[in-house]
Amino acid sequence: MNERPTGSLLVEVQPFLLQYKNKNYLLDTGLGFKNQKGELQIFENLHKHHLTPNDIDYVILSHLHKDHAGGISIKNEQHIERLAFPNARYFINKNEFEFAMQKGYPSYQIEDFELLKNDSRTEWLSTEGKIYQFIKYEESGGHCPHHTTFLFSGEQNEKVFFGGDVAPQLKQLKTKYIAKYDYDGKKSMELRQQFATIGKEEKWQFLFYHDITNPIGSL
Ligand SMILES: [Zn+2]
């Protein structure tokens, strides 16, 4: 850690695996970094839970910045990209996809996700709606124009909230501030306050993508 170059940015990255009724949901896919064996880090993490990439049924994406979308696809030995989770359906906001394809580098690494464009496994999300009756999604904007958040309801009506980069860390829900890295910092701040208020009332479990200390928390 001490040897990292000055000016570099330390980001903790944490995709989530959610298991519900014998199905495996992956929430964002990480940076796409590989371990020393040349295997995707996220595959190694799945193996620790006795799962392979083939076991993922659904990939749900908050947005397509490279730290969230890097693991969507992987190059084979012939250097051809293929989807990393071959049996999964991929849920992504259509507006975010189109925006990302246009915007490109440096925020978006198009080669990570462009395969989704014409793949039958892609499920396009609109600005709000439901996935399989129990996942409510909403285009929140804030962090990027078409960032999307997800609220899962369990059988006992317990709530799990994945707020991607609008609610990336526990401490960010407790203090009021505007972040420079957000597309619309004021909106992100207001959204965080809304999420914190409703989340407290409804006893949400928050999944924090950029929080290794408190990956799962409630208020
Ligand atoms: Zn991020």
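The values are calculated or read from the model by the stated rules, or taken from the named source; none is laboratory data. Remember, it's a predicted structure, so these values are computed and weren't measured experimentally. When we count neighbours, we look across all protein chains shown, and the Cβ atoms used for this are built from the backbone with ideal geometry, even at glycine.
Here are a few things to note about the model shown:
- Every residue from segment 1-19 that is aliphatic (A, V, I, L, M) and either assigned to a strand (DSSP E or B) or within 16 Å of the ligand (Cβ to nearest atom) (or both): Leu9, Leu10, Val11, Val13, Leu17, Leu18
- One residue stands out in segment 1-48 among those that are farther than 21 Å from Asn87 by Cα and of a type in the set (Val, Ile, Thr): the one that is modelled with the lowest pLDDT, namely Thr6.
- Being of a type in the set (Gly, Ala, Ser) and within 19 Å of Leu207 (Cα to Cα) holds for only one residue in Ser120, Ser140, Ser126, and it is Ser140.
- Tally, over segment 20-51, of residues that are out of contact with any Ser or Thr (no Cβ under 8 Å at 6 or more places or on another chain), under 19 Å from Asp112 (Cα atoms), assigned to a loop (DSSP other than H, G, I, E, B) and charged (D, E, K, R): 1
- In segment 169-189, residue farthest from the ligand (Cβ to nearest atom) [restricted to those that are surrounded by fewer than 14 Cβ atoms within 10 Å (Cβ to Cβ) and assigned to a helix (DSSP H, G or I)]: Lys186
- Within the span defined as segment 71-92, one or more residues are outside any loop (DSSP other than H, G, I, E, B), over 15 Å from the mean Cα position of the chain (by Cα), in contact (Cβ under 8 Å) with a residue 40 or more places away in the chain and under 26 Å from Val11 (Cβ atoms).
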